Structures are given as C-alpha cells and as structure tokens.
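Reviewing the structure listed below.
The values are calculated or read from the model by the stated rules, or taken from the named source; none is laboratory data. The structure displayed is predicted, hence computed values, not measured ones. In this analysis, Cβ positions are derived from the backbone assuming ideal geometry, glycine residues included, and neighbour counts consider all displayed protein chains. Note: accessible area is taken over every heavy atom of the protein model, side chains too, but ligands, DNA and RNA are not part of it. Shrake-Rupley method; radii C 1.70, N 1.55, O 1.52, S 1.80 Å.
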Amino acid sequence: MVAPIQFRDKVLRNIAAQGVAGAFWLEALPDLLDRLEVEWSIKVGRLLPNATEAFVSDAVTADGQPVALKIPIAGLAKAYREQRLRHTAGGRGYVRVLRRDTNSGAMLLERLGPQLAVLGLPIEEQIRVICRTLQQAWMPIPPGARYPTGAEKAVEMSSYISTAWPRLGRPCSEKVIEIALRFAEARRDAFDPADSVLAHGDPHAWNTLLDPKTNQYKFVDPDGLFIERAHDLSISMREWSAELLAGDSVVSGRKRCALLSLFTGVQQSAIWQWGFVERLVNGLRYIEVGPEENAVEFLAVVEAWAEVETV
C-alpha cells in the first residue's frame, strides 16, 4: 500500500483546474499506484519535490534499479504530446521511457541526477548546457504527426495577453502590450515548416537534468511544439530575472540574446521577440497563480525592454 500523497500547492491547483476529471484522477491515484507496483515490479518512493503538473516520484525495480514514475494529471492536453515526443526521441536529448501504461498515461522513466538549476553553475554556463542539450534534442517532426505549430503558439499567447491584461487590472503599460502583440504577430507570420523542429517548448534549467551515466544532460517535461528553434531559446530570455534587474536590463538582455545566438546560430531578433512575449505571458500568469513577487520581476524587466522599442 502506497503512503498518503502530499502534493505541492501548485500541483493541487493544476488538479483543481481540471474539474471533475482532476478529482477522479486524484481519487483513483492510490489504486493505480498499487496496481503499477505489482504489474511493473517496482516500489514507489518519495515524491520528487519540483513536480508541478503530475505525480512524479522515485521508485526502485525488483532488481534494485533506481527509476522514476510519472503519472500525468487527467485532462492535461500536453500529456499525450509528451508521451509521443519521448517515444520519437528514444532517449536522445530526453529522459528515456522504460515502460508505459496506455490507460493512465503512466510512464516508468530512467532515473536522472540533479536539475541543472541546483548545481550552482554560472548562468552563462547553464545557458551553454541548455543550448548544447537542445541541439541534441531538436528533431524533425515525424511524417503524419500533429503538434501545435509556431503560428498557433503565437496566436495562443497573443489571445492570452489580450484577455488577461484588462482582466488583471492592466498591471503593465499599454506600450508593453502593444509591442508584445506586434512581436507575436511577427512570429506567427514567420512560421515556416521547413525551418521548424519538434521542440521542447519549455527548456529551462529546472527541466534539464544531469545523466550520471554519461555526464551529459537530458530534458524532462516537454510541451511538444512544431516551431522555430528561436522559441526554445527564448525560454532562457525569460529566466534569471534577478540577474537582469541587477544592472541595465536592456544591456543584460541583449547580451544574453547574443549569447544564445552565438551558441546556436539562430537569429537574435527572433529570440528577442519570443523572449519578450514569453516574459510578459509568464508575468501575467504569476499574477493569476502566484507567487506575485515573480510577477513583479518579470514585468519590471519587460517594461525596461519596452523602453528601447518603438510602437
């Protein structure tokens, strides 16, 4: 019998957001864990501390092999995309799937080491690691596969900005909104299947884990997008707000953008535009779900960036 499950608040909010489906998933979880322990000959261990959208725990197989168990919350649309992407990757750039339960979406995964974010590396070195891992992970979309496109992602973000900003009491300047919508439109129009890859969608340092067997890194928790490489790189423009606020946010932001371009050969302007939109969207979402101090930092940076843009 698996011990009582104590989820983080963010996981509980994601479960609640799924309504009845989330409630049924939570109620059925203990029985599912008991079944998987028997069928897969594993012993479920502690919850992993930084999971936000699933049940994720360590586990051990009958022969003593350390593994990880992930069970996505019922109703989350990206869970199926994540499974397909992992299968396509076959362990290249992504954590390897050892077993799958079709009915529940549960996955038994190879056990990786610590997250890049906790290793104490300088930000520039973390960016280098993420870029190197992305170049391993990016791949062509399989024939006939369907993932959200770069154009669809841009439209989705634009729609969210347009509705969330007034609903949340206009927490940033109108200039920021106008620039973000213009940038989103530019990225929508720039979508080109010939220059797009099957991409992670959210490759930050908490989703980048050390593989102790190879001393290389692999990604977890992909969103799964068919999009230009610049979008994946823009996630690093969204992160590490404190560093950007410690000095001139524009100079620091441009320097980071140039670094991402240098490491990958991807155009700076596309990285900058996606980064601006990502920063705004996440700032607005932090107002909605917290913590609010994150929202303050995200919006402060994007306000500074907006000052050097023309509307």
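Has the stretch 283-296 got at least one residue that is open to solvent by less than 30 Å² (accessible area, probe 1.4 Å), free of Cβ contacts under 8 Å to residues at least 12 places away in the same chain and either assigned to a loop (DSSP other than H, G, I, E, B) or of a type in the set (A, V, I, L, M) (or both)? Before you say what the answer is, go through the steps one by one.
Looking only at the stretch 283-296, we keep the residues that are open to solvent by less than 30 Å² (accessible area, probe 1.4 Å), and these are 283-284, 290, 295.
Those still in the list that are free of Cβ contacts under 8 Å to residues at least 12 places away in the same chain too: 290.
Right, trim to either assigned to a loop (DSSP other than H, G, I, E, B) or of a type in the set (A, V, I, L, M) (or both) and you get 290.
Yes, that holds for at least one residue.
Does any residue of the stretch 142-150 turn out to be within 19 Å of the chain's Cα centre (by Cα) and small (Gly, Ala, Ser)?
yes
Just name the residue that is nearest to THR133 (Cα to Cα) out of those in the stretch 73-90 that are of a type outside the set (A, V, I, L, M) and loosely packed, with under 15 Cβ neighbours inside 10 Å. Show your work before the answer.
Start the filter on the stretch 73-90 by keeping residues that are of a type outside the set (A, V, I, L, M), which leaves 75, 78, 80-84, 86-88, 90.
Okay, now just the ones that are also loosely packed, with under 15 Cβ neighbours inside 10 Å, so 80, 87, 90.
Working: TYR80: 23, HIS87: 17, GLY90: 15 Å.
Here the answer is GLY90.
Considering only residues that are under 17 Å from CYS131 (Cβ atoms) and of a type in the set (Asp, Glu), which ones fall in the stretch 244-280?
The answer is GLU278, and nothing else.
Can you tell me which of GLY64, GLY45 is loosely packed, with under 15 Cβ neighbours inside 10 Å and free of Cβ contacts under 8 Å to residues at least 24 places away in the same chain? It would help to see each step written out before you state the result.
Values: GLY45 fails: loosely packed, with under 15 Cβ neighbours inside 10 Å.
Testing whether each residue is loosely packed, with under 15 Cβ neighbours inside 10 Å and free of Cβ contacts under 8 Å to residues at least 24 places away in the same chain leaves just GLY64.
Cβ-Cβ under 8 Å, sequence separation 6+ or interchain: first residue in the stretch 128-147 and free of Cβ contacts under 8 Å to residues at least 60 places away in the same chain, partner of a type in the set (Val, Ile, Thr) and open to solvent by less than 90 Å² (accessible area, probe 1.4 Å). Which pairs?
Filtered contacts from the stretch 128-147: MET139/THR88; MET139/VAL197; PRO140/VAL197; PRO142/THR88.
Scan LEU112, LEU69, LEU121 and give me the residue that is hydrophobic (A, V, I, L, M, F, W, C) and outside any loop (DSSP other than H, G, I, E, B). Show your work before the answer.
Values: LEU112 fails: outside any loop (DSSP other than H, G, I, E, B); LEU121 fails: outside any loop (DSSP other than H, G, I, E, B).
Testing whether each residue is hydrophobic (A, V, I, L, M, F, W, C) and outside any loop (DSSP other than H, G, I, E, B) leaves just LEU69.
Determine whether the stretch 131-138 contains at least one residue that is buried (at least 19 other Cβ atoms within 10 Å of the Cβ), touching a Ser or Thr at 6+ places or on another chain (Cβ under 9 Å) and among the hydrophobic types (A, V, I, L, M, F, W, C).
Checked against the condition, which is being buried (at least 19 other Cβ atoms within 10 Å of the Cβ), touching a Ser or Thr at 6+ places or on another chain (Cβ under 9 Å) and among the hydrophobic types (A, V, I, L, M, F, W, C), the stretch 131-138 yields at least one hit.
For the stretch 21-42, which residues satisfy the criterion of being under 25 Å from the mean Cα position of the chain (by Cα) and open to solvent by 40 Å² or more (accessible area, probe 1.4 Å)? I'd like the intermediate steps shown before the answer.
Taking the stretch 21-42 as the starting set, the residues that turn out to be under 25 Å from the mean Cα position of the chain (by Cα) are 21-23, 25-26, 29.
Scanning the stretch 21-42 gives ALA21, ALA23, LEU26.
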